[in-house]
Amino acid sequence: MAFFGVFALVPLAGVVYFSFSSWNGMGPIQWAGLKNWVAVFSDTRTLNAMWLSLVVIVVTWLIQAPISLLLGVFMAGKQRYRAAMSVIYFLPLLFSSAAIGIGFKAMVDPNFGLLSAIGFGWLKQDFLGAHMALGTVMFVIAWTFIPFHSLLYQAGVRQIPETIYEAAVIDGASPWSLFWHITLPQLKYTIVTSSTLMLVGALTYFDLFYVITQGGPGNATRILPLDMYLTGFRAFDMGKASAISVIIVVVGLTLSLSLNKVSGAQRMESQMEGV
């Protein structure tokens, strides 16, 4: 608790204080009242950043959740070829986000990128243009983090007692029935944990967006964390940047607590009762 208080609660209290202050990061700190909050909710650029963050949260979850679940179930099998493929799926986790961002940016560059050099017409598109940049970064996000969530599902599936499957097979259950009526219900809390990490994590993405697009072109990929950084360290408006960071914290906590409340995961009841 002391560690959490020093490194989480105290800095958070400082950010809340700065959100009501006027400070350029170097000069004296002056009390500003609600000025920063009024500026945040009246700035079209910040409002657009909120909308883009919402799009990223929803779309990346819709992409990652089903693919991670299916890959995790597949990887949980005991066949050797599945173990070998699991190693391949795991590779993106070995690279840093900055390295992944630099690699993909070099790949999709419309003038000198690898995709343009291949020669196929549809690969010569400007994937970092105004209409495709956000989708491109969301694809990179999915490619980067699906292996992690697949690993969670793989571990969850391997915790399910085989006797349940054996009894169902004896009763004539099909592979689809096994997945729908046994695997999915037993993975309930794994799904909750994975989804919480996906949703809250999507709210705090910064490095991939900064490395690949830096919020551009224009403000097409300027999501909320990037808007906070650019406001504070490029525009030197620490008060407004602190207000944006408080919004990120509040939304993240709300998402996490709401998901646990709706799913009933906070009760922590055992799923193995009667087995």
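Out of curiosity, is S96 surrounded by 18 or more Cβ atoms within 10 Å (Cβ to Cβ) and of a type outside the set (D, E)? When the stated conditions are applied, S96 does not pass them. Residues in region 205-228 that are surrounded by fewer than 18 Cβ atoms within 10 Å (Cβ to Cβ) and within 15 Å of I248 (Cα to Cα): 1 in all. Within region 219-237, which residues are touching a helix residue (DSSP H, G or I) at 6+ places or on another chain (Cβ under 7 Å), closer than 19 Å to G27 by Cα and not hydroxyl-bearing (S, T, Y)? Passing the criteria: G232, D237. Select from region 197-224 the residues that are in a loop (DSSP other than H, G, I, E, B), out of contact with any Lys or Arg (no Cβ under 9 Å at 6 or more places or on another chain) and not polar (S, T, N, Q) and write down the one among them that is nearest to P110 (Cα to Cα). Going through the qualifying residues, I end up with P217. Candidates in region 16-36 are the residues that are buried (at least 18 other Cβ atoms within 10 Å of the Cβ) and of a type in the set (A, V, I, L, M, F, W, C); of these, the one that is nearest to T231 (Cα to Cα) is W23. Tallying residues that are within 23 Å of the chain's Cα centre (by Cα) and of a type outside the set (G, A, S) within region 63-115 yields 25.
Okay, residues lined up against (1) under 17 Å from M238 (Cα atoms); (2) small (G, A, S); (3) in contact with a helix residue (DSSP H, G or I) (Cβ under 7 Å, 6 or more places away or on another chain):
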{"position": "P28", "(1), (2), (3)": "yes, no, no"}
{"position": "A32", "(1), (2), (3)": "yes, yes, yes"}
{"position": "N36", "(1), (2), (3)": "yes, no, yes"}
{"position": "V40", "(1), (2), (3)": "yes, no, yes"}
{"position": "T46", "(1), (2), (3)": "yes, no, yes"}
{"position": "S53", "(1), (2), (3)": "no, yes, yes"}
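Within region 129-161, being closer than 16 Å to V73 by Cβ and polar (S, T, N, Q) holds for S150, Q154, Q159. Confirm whether A202 is crowded, with 20+ Cβ neighbours inside 10 Å, within 20 Å of I63 (Cα to Cα), modelled with pLDDT of 90 or more and of a type in the set (G, A, S). Here the answer is yes, as A202 does meet what is asked.
The values are calculated or read from the model by the stated rules, or taken from the named source; none is laboratory data. Just so it is clear, the structure is predicted and the values come from calculations on it, not from any experiment. No Cβ is skipped: glycine too gets one built from the backbone with ideal geometry, and neighbour counts run over all protein chains shown.
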